[in-house]
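Below: one structure, written as structure tokens.
Just so it is clear, none of the values below were taken in a lab; they were calculated from the coordinates. Keep in mind that this is a model prediction, so the values were computed, not measured. Methodologically, a virtual Cβ is constructed for each residue, glycine included, from the backbone with ideal geometry; neighbour enumeration extends over all protein chains shown.
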Amino acid sequence: MKCHYDVLGVPKDATNDDLKKSYRKLALKWHPDKNQDNVEECTIQFRLVQQAYDVLSDPHERAWYDKHREAILQGGLGHGGEYEDKSLNVYAYFNSSCYSGCGDDENGFYAVYGKVFKTIAEEDYPYMDSKESDWEMPNFGNSQSSYEDTVHSFYAYWESYSTAKSYVWVEKYDTREAPHRRVRRLMEGENKKLRDTAKKQRNEEVRELVSYVRKRDERVKANKKRLEERAEQVKKMAQEQKLRHKQQMKKYVSVAGF
């Protein structure tokens with residue numbers, strides 16, 4: 001996996017103008033239509049350029065990428081201590097190279113991310129209480145899923161994701177070894193801080209992934225376009241109605257002789 005800055009050939013403090021200039025130059029260079037004799041390789045390179053610019057040109061995504069760049073490039077974060085966290089490394093999915101196209105085939109966008117969120121849900125399931133366990137998390141669906149019936153409910157849930165895991169395994173102190181109550185309370189306090197930090201990190205990771213996926217979801221884009229077209233239509237109808245009302249008032253005034 002190559003760094004987005006390296007793909008665009010710009011430094012990490014590059015300005016928006018620098019990014020745009022480099023993107024346009026490289027997009028022209030690697031565009032498949034301009035390289036009919038080497039379409040396959042150019043398509044791959046063109047996609048990498050698009051992906052890099054897509055992330056770095058967005059202030060929020062760029063800040064996230066800068067903060068976790070090393071982890072993303074390595075495909076996940078390392079974990080210290082004796083316990084090995086088996087949770088899914090979501091950092092490997094902040095990259096369009098993890099899927100191929102936006103179809104429903106095995107390696108397509110919807111199949112890959114559908115499996116990702118299903119895995120996260122399954123990891124949380126054992127830690128839910130009986131009431132929560134009976135409730136099924138919204139499904140990611142496929143390319144043909146209805147926005148109203150599937151897509152909206154999926155993002156409504158996952159954008160406010162909160163892990164059900166206890167994270168007791170990150171605790172540093174065994175409170176049973178405390179010599180007296182005061183020390184035990186201090187140990188408990190430190191252990192709680194470690195658990196809360198781990199939970200916060202996991203929630204942040206998953207929510208950022210949800211944001212990353214939502215921005216690239218063709219179903220979301222299509223719904224946004226529909227809403228914009230509908231708003232434009234309503235605006236046009238309101239203007240026409242206003243014009244008719246104005247004409248009627250003018251006609252009334254003329255007939256009444258005011």
Tell me, what is the percent relative contact order of the chain, built from C-alpha pairs under 8 Å that lie six or more residues apart? 12 percent
Each residue of segment 167-183 in turn: what ³J(HN,Hα) in whole Hz from Karplus with 6.51, -1.76, 1.60 and θ = phi - 60°, glycine and Pro shown as x? 6, 5, 6, 8, 4, 9, 10, 9, 5, 5, 8, 5, x, 7, 4, 4, 5
Output for segment 118-201: GluC sites (Glu not before Pro) sitting in coil per DSSP, at most 13 other Cβ within 10 Å, listed by number, reads Glu136, Glu159
Binned at 10 Å from zero, the C-alpha pair distances of segment 139-258 give percents of 11, 20, 16, 14, 13, 11, 7, 4, 3, 1
Cβ-placed point charges (K, R +1; D, E -1), dipole of the chain about Cα centre in debye, nearest 20: 1640 debye
Treating only Lys and Arg (+1) and Asp and Glu (-1) as charged, each at its beta carbon, one finds that segment 120-235 has a dipole about its Cα centre, in Debye to the nearest 20, of 640 debye
Return P(r) of the chain (all Cα-Cα pairs; 5 Å bins starting at 0; whole %; ordered from short to long distances). 1, 5, 9, 11, 13, 12, 11, 9, 7, 5, 5, 4, 3, 2, 2, 1, 0, 0, 0, 0
Alpha carbon centroid spacing (whole Å) that separates segment 194-258 from segment 167-189: 52 Å
Answer rounded, prolate or oblate for segment 89-158, using the Cα gyration tensor with square roots of eigenvalues a ≥ b ≥ c: rounded when a/c is under 1.5, else prolate when a/b is larger than b/c, else oblate. oblate
From the phi of every residue in segment 46-59, what ³J(HN,Hα) in whole Hz does the Karplus formula 6.51 cos²θ - 1.76 cosθ + 1.60 yield, where θ is phi - 60° and glycine or proline is x? 5, 5, 5, 5, 4, 5, 4, 5, 4, 6, 6, 7, 9, x
Quick one: angle between helix 109-124 and the longest Cα principal axis of the chain, in degrees between 0 and 90, rounded to 10, please. 40 degrees
